[in-house]
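The values are calculated or read from the model by the stated rules, or taken from the named source; none is laboratory data. Treat the numbers as computed from the prediction; the structure is a model and nothing was measured. Glycine also receives a Cβ, built like all others from the backbone with ideal geometry; neighbour counts cover every protein chain displayed.
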Amino acid sequence: MSASATTAETTSDQVLTRVLASLDDDKAEDIVTIDLRGRSSIADHMVICSGRSSRQVGAIAEKLVERLKEEFGRNCKIEGKDQGDWVLIDASDVIVHVFRPEVREFYQLEKMWLPAGTRV
């Protein structure tokens, strides 16, 4: 899909598929996808993953934002890239959190959003 495709034509599942491919391409670790449809109005999907270092966390986030802009024409909001501990990417209907492992362990976002009884 080219940058000429509008956001209205792009489904959250298409964006999720591209997000997951981008994270895989950039060697993100421990990727978890959480379906938020019917549970939250903030987005349809949340993706949580880790990078091995602050540098990799920043690079994963930067490449993801570039790819979504190039392929879907999406201008994503990004927070925390300069610190590289926890980067939040808001691609409207898909929210992506990229953590350093120790920071991810501290916040344990998966436990807040995954259904009760789900093992992480």
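Observations
- Residues of the stretch 56-84 that are assigned to a loop (DSSP other than H, G, I, E, B), under 20 Å from Lys27 (Cα atoms) and in contact with a strand residue (DSSP E or B) (Cβ under 7 Å, 6 or more places away or on another chain): Gly80, Lys81.
- Qualifying positions in the stretch 85-101 - assigned to a strand (DSSP E or B) and without any contact (Cβ under 8 Å) to a residue 60 or more places away in the chain: Trp86, Val87, Leu88, Ile89, Asp90, Ile95, His97, Phe99
- Selection within the stretch 84-110 - farther than 21 Å from Leu16 by Cβ and of a type outside the set (Val, Ile, Thr): Gly84, Asp85, Arg100, Pro101, Glu102, Glu105, Phe106, Tyr107, Gln108
- Residue within the stretch 75-83 that is in contact with a Phe, Trp or Tyr (Cβ under 9 Å, 6 or more places away or on another chain), charged (D, E, K, R) and more than 18 Å from Leu20 (Cα to Cα) present: yes
- Filter pass, Gly73 being under 15 Å from Ser12 (Cα atoms) and loosely packed, with under 14 Cβ neighbours inside 10 Å: no
- When residues in the stretch 15-58 are screened for being among the aliphatic types (A, V, I, L, M) and free of Cβ contacts under 8 Å to residues at least 12 places away in the same chain, 1 of them pass.
- Flag if Arg104 is among the basic types (Lys, Arg), modelled with pLDDT of 95 or more and either exposed (fewer than 12 other Cβ atoms within 10 Å of the Cβ) or in a helix (DSSP H, G or I) (or both): yes
- Residue match in the stretch 5-25 (condition: part of a loop (DSSP other than H, G, I, E, B) and modelled with pLDDT of 95 or more): no
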